[in-house]
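Everything below concerns the one structure shown next.
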Amino acid sequence: MENNSASPTSPAWPTRWPADSFRTGPTLLLVLVVVGASAIVLGLAALALAPMLASGRVGLVPAVVVQLVLEVAILVVLLAGLPRVSRLTLRELGFTRIAPWQIGVALLGALAMIVVVEGGASLIDTLTHTKHEQGVVEMFKSLHNPATIWFFALFATVLAPIAEETVFRVFLFNLGLRYGGFWMGATISGILFGLAHGDKFVLVPLALGGMILCGVYYRTRNAYASMITHACFNAVTVIALLLVPKLAS
């Protein structure tokens, strides 16, 4: 796709932004379609899980399945709509073969995320004299069935990073980047990434982690790189919960 207008705010990514990329109307329409698809999935899930919801007991597996279907629906909508909204191909948006040096950046990003997010959470615990655990960590630690554990681990380390990086980096970060440059895009994406996890206690560390993911995506120009960073970060958490429960508790 031919780009015909240089961006005044972010000339380095991509080299030239199309003049009509991320226009207000098409962007809002894409957001509305995402919201609509999400509402349909959640509505159908509510009908299917009505007995569980009525009793107040929704198992972890049904909840994860609903989350999986929801994220797949959002992913499909975004992959279909992003080329039209951004006026760039998926390849230009970073869905292209990853090089060894980009994998190296991704791994360094994962290390930075571990230090910032886990270190930040530990600092908050120390300052507030509490021992806080995210709800998803508490649920995972309650699992005992091996099949359920592996299903949850697969979701956390593969499926979730793919969907979330497409939403928060390829879409939201690029939207902010297009009109406000790197720091605006990274700040918006990072804050929304933190809020999406629904835990205000670790909002700031997660937001900073989201900004690191933006940095990996921006530095490598590759969406798969930030997915690897995200997946490695989640994998370290899962491995700690599985193999080193005392350290993770």
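The values are calculated or read from the model by the stated rules, or taken from the named source; none is laboratory data. Since we're looking at a predicted model, the values are computed, not measured. Please note: Cβ atoms are built from the backbone with ideal geometry, for glycine as well, and neighbour counts cover all protein chains shown.
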I need a count of the residues in region 188-201 that are more than 18 Å from ARG221 (Cα to Cα) and assigned to a helix (DSSP H, G or I).
9
Which one of these is aliphatic (A, V, I, L, M), over 20 Å from ALA121 (Cα atoms) and modelled with pLDDT of 90 or more: MET184, MET211?
MET184
Picking from PRO18, PRO14, which residue would you name as being within 22 Å of the chain's Cα centre (by Cα) and modelled with pLDDT under 90?
PRO14
Those residues of region 190-205 which are touching a residue at least 24 places away in the same chain (Cβ under 8 Å) and in contact with a Gly (Cβ under 6 Å, 6 or more places away or on another chain) amount to GLY190, PHE193, PRO205
Checked region 44-67 for anything of a type in the set (S, T, N, Q) and either in contact with a Pro (Cβ under 7 Å, 6 or more places away or on another chain) or modelled with pLDDT of 80 or more (or both); matches are GLN67
Only residues that are on the phi < 0 side of the Ramachandran plot, surrounded by fewer than 20 Cβ atoms within 10 Å (Cβ to Cβ) and not aromatic (Phe, Trp, Tyr): list them for region 173-187, please.
GLY180, MET184, THR187
Scanning region 41-83 for residues that are of a type in the set (D, E, K, R) and surrounded by fewer than 13 Cβ atoms within 10 Å (Cβ to Cβ) gives ARG57
Any residue at all in region 221-238 that is more than 17 Å from LEU93 (Cα to Cα), hydroxyl-bearing (Ser, Thr, Tyr) and assigned to a helix (DSSP H, G or I)?
yes
Could you please find all residues in region 46-99 being of a type in the set (Lys, Arg) and not in a helix (DSSP H, G or I)?
ARG57, ARG87, ARG91, ARG97
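This table checks each residue for (1) over 20 Å from LEU123 (Cβ atoms); (2) among the hydrophobic types (A, V, I, L, M, F, W, C).
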{"residue": "PHE171", "(1), (2)": "yes, yes"}
{"residue": "LEU192", "(1), (2)": "yes, yes"}
{"residue": "PHE201", "(1), (2)": "no, yes"}
{"residue": "TYR217", "(1), (2)": "yes, no"}
{"residue": "THR220", "(1), (2)": "yes, no"}
{"residue": "TYR224", "(1), (2)": "yes, no"}
